[in-house]
Amino acid sequence: MPLPEHLILEIVTPERSVVSEQIDEVQIPGTEGSFGVRPGHTPLLATLQVGELWYRRGEETSHVAVSFGFAEVQPDRVTILAQIAESAEDIDVTRATDAEQRAKKRLDTPALDMDFERARIAMLKSLTRLRVASRARNRV
Ligand code: ATP
């Protein structure tokens, strides 16, 4: 069977469809590490971590902040089912900066009963949002 030339990328959350596009390449933040997918990739199922996903269509690269969920890879299609997914233009930078400062304060001066994992994830989410928001479209 000939290799597909493109991929259909679908990124959906419980609330909405965030991306539905024909693309050439996608880089996914998996819990076992970030991995790249091009057309013709072997089918696989992976879990997502909090991180930055990017995809390329021709010369144009776009970034999405994702948190938790699954990636299903087929030779001609990638489906991301994420708890949270935000494109750069969806991100409220002031809110993410406030969240980062709260998380930093918590981690710097931990209370005895602090949930360290929760604070770590809040920090990671806010830093991912700020990184994605700072990326201009068309730049890797
Ligand atoms: P915050 O502490 O600011 O509420 P959070 O990390 O606890 O952030 P989440 O639980 O990750 O928030 O997300 C809750 C909802 O709010 C989701 O729909 C998410 O997309 C949205 N959201 C959170 N932070 C931002 C942001 N900086 N910009 C845009 N949407 C955001």
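The values are calculated or read from the model by the stated rules, or taken from the named source; none is laboratory data. Keep in mind that this is a model prediction, so the values were computed, not measured. Cβ sites come from the backbone with ideal geometry, for glycine too, and all protein chains shown count toward neighbours. Protein only, heavy atoms only, side chains kept; ligands, DNA and RNA dropped before computing areas. Shrake-Rupley method; radii C 1.70, N 1.55, O 1.52, S 1.80 Å.
Computed from phi, the 3J(HN,Hα) profile of the range 69-83 under the Karplus parametrisation 6.51, -1.76, 1.60 (θ = phi - 60°) reads x, 9, 10, 10, 10, 10, x, 10, 7, 10, 10, 10, 10, 10, 4 Hz, with x in place of Gly and Pro.
At 222 nm, what value in deg cm²/dmol follows for the chain if DSSP H runs of at least 4 each add -39500 (n - 2.57) and the sum is divided by all its residues, to the nearest 500? All intermediate terms of the calculation are to be shown ahead of the outcome.
Working: 2 runs with 35 residues, N = 140.
Roughly -8500 deg cm²/dmol at 222 nm, from the helical runs in the chain.
Straightening the chain between Asp113 and Thr97 buys 3.3 nm, computed as 0.36 nm per residue apart minus the Cα-Cα spacing. When Lys104, Lys125 are compared by accessible surface with a 1.4 Å probe, the order from highest to lowest is Lys104, Lys125.
By average Cβ neighbour count within 10 Å, what is the ranking of 4-15, 69-80 from highest down?
Those peptides, ordered most packed to least, come out 69-80, 4-15.
Rounded to the nearest whole Hz, the Karplus-based 3J(HN,Hα) values (6.51 cos²θ - 1.76 cosθ + 1.60, θ = phi - 60°) of the range 108-123 follow the sequence 6, 10, x, 6, 4, 9, 5, 8, 4, 4, 5, 5, 5, 5, 4, 5, with x at glycine and proline. Each of Gly51, Ser134, Ala85 was scored by the projection of its Cα onto the charge dipole of the chain, and the greatest displacement toward the positive side belongs to Ser134; charges sit on the C-beta of Lys, Arg, Asp and Glu.
Overall, the accessible surface of the range 92-139 at a probe of 1.4 angstrom is composed of carbon and sulfur to the extent of 50 percent. Heavy atoms of the protein chains alone define the surface here; on that basis the chain has 60 Å² accessible area per residue at 1.4 Å probe size.
Annotation: amide H of Val18 within the under-5 Å range of Ile11, Val12, Thr13, sequence separation 5 or more or interchain, hydrogens built in the peptide plane.
Work out the FRET efficiency for Arg57 and Phe35 from their Cβ-Cβ distance, taking R0 = 25 Å, and round it to the nearest 0.05. Write out the running numbers ahead of the final one.
On the way: r = 19 Å, r/R0 = 0.75.
Calculated value: 0.85.
If you take the beta carbon distance between Ser134 and Gln83 as r and set R0 to 25 Å, what does 1/(1 + (r/R0)^6) give as a FRET efficiency, to the nearest 0.05? Display every interim value, and only then the final one.
Details: r = 23 Å, r/R0 = 0.90.
Taking R0 as 25 Å, the efficiency between Ser134 and Gln83 is 0.65.
Under 5 Å from the amide H of Asp76 lie the amide H atoms of Gly40, each residue being 5 or more positions distant or on a separate chain, with H modelled from the backbone and absent for Pro and chain starts. Extending 7 Å from Cα along the Cβ direction at Glu72 and again at Met1 yields two label points whose distance is 1.5 nm. Rounded to the nearest Hz, the phi-derived 3J(HN,Hα) couplings of the range 5-17 under the Karplus curve 6.51 cos²θ - 1.76 cosθ + 1.60 (θ = phi - 60°) are 8, 9, 10, 9, 9, 10, 10, 10, 10, x, 8, 7, 8, where x marks glycine and proline.
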